[in-house]
Amino acid sequence: MAFKINKNRSWPRAIIDFIDSYFNNCCIHGFRYLVQTILILLERILWLILLILSIYYCIIVCLASIDRYYTKSTHIGLERNYHFWNTSVPSLTVCPMQRINDTYFADFCRKNSIKGSQKNIFWDFIENLANSTYINFQNIPESDEIDSLIKDLDLEPERYMELIYNLTFDSTYEPIEKQRTRCIDGQVNIHVRQVLTEYGLCYMGNSMLGKEYSSRYFIFGQYPEPNKYETMRKLIQYQKGSYFEKDVGHTLLGFTSEAIDSFIHSVYEVMKVDNNFGYSTEGVVYDPVTEEITAEDNIEKEATVGMRKCRFYHESNLTHFPFYTRNVCQQECRINLAYKICKCIPHFYPNRISRPKKVCDYKTLRSCFPKHANFFLKLYEENKNHENPSTCYCEQNCVDAVVTTRSALPMIGSRQLLGSIGSSVSIKTWPQSRLKRQVIFSFTDLLVSIGGTAGLFLGFSVLGLVELLYFFTIRLIWQIFGYTI
Ligand SMILES: *[C@@H]1O[C@H](CO)[C@@H](O)[C@H](O)[C@H]1NC(C)=O
Ligand SMILES: *[C@@H]1O[C@H](CO)[C@@H](O)[C@H](O)[C@H]1NC(C)=O
Ligand SMILES: *[C@@H]1O[C@H](CO)[C@@H](O)[C@H](O)[C@H]1NC(C)=O
Ligand SMILES: *[C@@H]1O[C@H](CO)[C@@H](O)[C@H](O)[C@H]1NC(C)=O
Ligand SMILES: *[C@@H]1O[C@H](CO)[C@@H](O)[C@H](O)[C@H]1NC(C)=O
């Protein structure tokens, strides 16, 4: 087939003619007046200005719709039909204030031939290390004997936590029921696990978090072993109650140590180390009120994390943690801050990542951390001692509960009554409103909005778009081969 280009016409001329024919036929109103030679120049200029204005406003309004889709497509609404909800009962984390098990410690000393006064020095060291957090790093003892002990044991800072774990007895596996750490509500068992927190090894009951949040998973990457004692009775993962139930609650007990520290938090969260009740030789009875924030089912698919400004549990983008909650994200901020300021991280953080961060030896914990303790805990500066105030942004949990305690009283006489100490939660009033994350401007809405705008300003439509494509592909080819339609 030979090219049938009209020899009288040059290439540019052909292109202009082709565009001309598109303008004459196309769907956008107004275009054809630009190329109709009968009209006088003034009229054509008028149409040109109108067209440019229309296209300009069309683009402006479309951009506004797109912006709305990306930044304001979800909102938080209020629900009031409280008769129909199940509300979760807050969760408890309890840390015993005596950490190391003397039987395990004696075994360890026998195997490594640590004797006499050395044994006491080592006990003091490891007990304080296990009990350390941002507020008490300065209590870790420091001496030449400890240095030489650590050298003999070849104890790298990376293995501090492993050793503490090995020397701690997980009391949820205690065979004697009275001494077992357990969470109960009458005859029902609620699942309890040993967890690794910023305050060492603690116990958490009544939680919605997955099995990844456990000491064994954080330190060794293995899920905890099933606990046969828990399943001897009816076992639930967490408690919930509805408006008509009175006095729903649970007790986390079975601590034989002299004192405990308790934390209350929502079932969707982990404890916050600076939100504690404090050292107490009795347990605590909490009377909390909670307000839940739920999410519509479709929000996860219809909106990205940036659009809904919240993250679900399984949408972690954290480095050290395999799941996401807001408090865990703040722990990661603390990790990064500690790493920036002290050049290493405390031993109580999970560090099973592809490039593990350096773990602080006990001397650095003593020397560097106490100076900056407030900065690390609050993550912001009051009197700007540090040049770069920390910038750490943590998204909210998509599904969460805000727990406020109305009262937290010592549980007097629990040791005599129950044979051990522990804390309890008891809900007296249920919330009468809750928040719900909803999608109010979905992708379909965006399409309709853009289509409507283009239709309003230009009379443009999907078929018009197809026509445009058709004109500049198939029809162009025909034109090149010299066929005119
Ligand atoms: C609330 O919990 C009860 C008992 O667990 C269950 O039967 C009911 O379906 C739940 N209601 C809602 C709305 O989830
Ligand atoms: C130490 O561990 C043993 C089990 O090996 C347990 O029977 C004992 O009660 C523990 N001691 C303390 C103080 O928890
Ligand atoms: C553990 O730390 C807390 C808080 O600093 C302190 O009150 C408690 O005495 C410590 N426990 C031991 C056994 O030193
Ligand atoms: C902890 O115990 C495990 C298994 O018993 C052992 O392999 C590991 O070496 C111990 N770690 C330390 C620091 O003693
Ligand atoms: C996780 O995402 C948030 C924003 O969604 C971002 O600010 C943060 O830096 C991310 N964290 C990591 C470790 O990538």
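Determine, yes or no, whether Lys371 is charged (D, E, K, R), modelled with pLDDT under 95, open to solvent by 60 Å² or more (accessible area, probe 1.4 Å) and closer than 30 Å to Asp154 by Cα. Yes, satisfied.
Can you tell me which residue in the stretch 304-327 is nearest to Tyr199 (Cα to Cα), limited to those that are part of a helix (DSSP H, G or I) and of a type in the set (A, V, I, L, M, F, W, C)?
Val305
Hey, can you tell me all the residues within the stretch 60-82 that are open to solvent by less than 80 Å² (accessible area, probe 1.4 Å) and touching a residue at least 24 places away in the same chain (Cβ under 8 Å)? Of everything in the stretch 60-82, those that are open to solvent by less than 80 Å² (accessible area, probe 1.4 Å) and touching a residue at least 24 places away in the same chain (Cβ under 8 Å) turn out to be Val61, Cys62, Ser65, Ile66, Tyr69, Thr71, Ser73, Thr74, His75, Gly77, Glu79, Tyr82.
Here Leu235, Leu253, Leu196, Leu201 are screened, and the one residue that is of a type in the set (A, V, I, L, M) and in contact with a Gly (Cβ under 6 Å, 6 or more places away or on another chain) is Leu253.
Residue check: is Ala106 surrounded by fewer than 20 Cβ atoms within 10 Å (Cβ to Cβ) and under 24 Å from Gly254 (Cβ atoms)? Talk me through it step by step, then tell me what you get.
Numbers: surrounded by fewer than 20 Cβ atoms within 10 Å (Cβ to Cβ): yes; under 24 Å from Gly254 (Cβ atoms): yes.
So Ala106 passes the test.
Taking into account only those residues within the stretch 338-367 that are free of Cβ contacts under 8 Å to residues at least 24 places away in the same chain, part of a helix (DSSP H, G or I) and open to solvent by 50 Å² or more (accessible area, probe 1.4 Å), which is farthest from Leu129 (Cα to Cα)? Checking each candidate, the answer is Lys340. Going residue by residue through the stretch 45-59, is there one that turns out to be farther than 30 Å from Glu302 by Cβ, in contact with an Asp or Glu (Cβ under 9 Å, 6 or more places away or on another chain), away from ligand 3 (no atom under 16 Å from the Cβ) and open to solvent by 40 Å² or more (accessible area, probe 1.4 Å)? Checked against the condition, which is being farther than 30 Å from Glu302 by Cβ, in contact with an Asp or Glu (Cβ under 9 Å, 6 or more places away or on another chain), away from ligand 3 (no atom under 16 Å from the Cβ) and open to solvent by 40 Å² or more (accessible area, probe 1.4 Å), the stretch 45-59 yields no hits at all. Within the stretch 83-98, the residues that satisfy the criterion of being of a type outside the set (S, T, N, Q) and either within 16 Å of ligand 5 (Cβ to nearest atom) or open to solvent by less than 10 Å² (accessible area, probe 1.4 Å) (or both) are Val89, Pro90, Leu92, Val94, Cys95.
Quickly run through the stretch 287-303 and pick out the residues that are polar (S, T, N, Q) and in a strand (DSSP E or B). Break it down into steps so the answer makes sense when it comes.
The first filter runs over the stretch 287-303 and keeps only residues polar (S, T, N, Q), leaving 290, 294, 298.
Of everything in the stretch 287-303, those that are polar (S, T, N, Q) and in a strand (DSSP E or B) turn out to be Thr290, Thr294.
Restricted to the stretch 159-210, the set of strands (runs of 3 or more DSSP E) holding at least 3 residues that are at pLDDT 95 or above and within 15 Å of ligand 2 (Cβ to nearest atom) comprises 200-205.
Residue by residue, here is whether (1) surrounded by fewer than 20 Cβ atoms within 10 Å (Cβ to Cβ); (2) small (Gly, Ala, Ser); (3) more than 16 Å from ligand 5 (Cβ to nearest atom) holds:
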| position | (1), (2), (3) |
| --- | --- |
| Ile164 | no, no, yes |
| Leu167 | no, no, yes |
| Tyr173 | yes, no, yes |
| Gln179 | yes, no, yes |
| Cys183 | no, no, yes |
| Gly186 | yes, yes, yes |
| Tyr199 | no, no, yes |
| Cys202 | no, no, yes |
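A single entry from Leu63, Leu51 fulfils the requirement of being within 30 Å of Met307 (Cα to Cα) and away from ligand 1 (no atom under 16 Å from the Cβ): Leu63. Which condition does Val267 not pass, out of (1) under 21 Å from the mean Cα position of the chain (by Cα); (2) aliphatic (A, V, I, L, M); (3) over 26 Å from Arg434 (Cβ atoms), if it passes all the others? Only one criterion in (1) under 21 Å from the mean Cα position of the chain (by Cα); (2) aliphatic (A, V, I, L, M); (3) over 26 Å from Arg434 (Cβ atoms) is unmet by Val267, namely (3).
Scanning the stretch 393-447 for residues that are away from ligand 2 (no atom under 16 Å from the Cβ), touching a residue at least 24 places away in the same chain (Cβ under 8 Å) and among the β-branched types (Val, Ile, Thr) turns up Val399, Val402, Val403, Thr404, Thr405, Ile412, Val425, Ile427, Thr429, Val439, Ile440. Mind checking whether some residue in the stretch 141-156 is open to solvent by less than 30 Å² (accessible area, probe 1.4 Å) and either within 16 Å of ligand 2 (Cβ to nearest atom) or touching a Gly at 6+ places or on another chain (Cβ under 6 Å) (or both)? Within the stretch 141-156, none of the residues are open to solvent by less than 30 Å² (accessible area, probe 1.4 Å) and either within 16 Å of ligand 2 (Cβ to nearest atom) or touching a Gly at 6+ places or on another chain (Cβ under 6 Å) (or both).
Taken over the stretch 229-265, the residue count meeting the criterion of being closer than 20 Å to Leu209 by Cβ, assigned to a loop (DSSP other than H, G, I, E, B) and open to solvent by less than 20 Å² (accessible area, probe 1.4 Å) is 1. The one condition from (1) among the aromatic types (Phe, Trp, Tyr); (2) more than 31 Å from the chain's Cα centre (by Cα); (3) open to solvent by 40 Å² or more (accessible area, probe 1.4 Å) that Phe443 does not meet is (2).
The values are calculated or read from the model by the stated rules, or taken from the named source; none is laboratory data. Here the structure is a predicted model, which is why all the values come from computation and not from measurement. Every residue, glycine as well, gets a Cβ built from its backbone with ideal geometry; the counts of neighbours run over all protein chains shown. The area values use the complete protein model at the heavy-atom level, side chains included, leaving out ligands, DNA and RNA. Shrake-Rupley method; radii C 1.70, N 1.55, O 1.52, S 1.80 Å.
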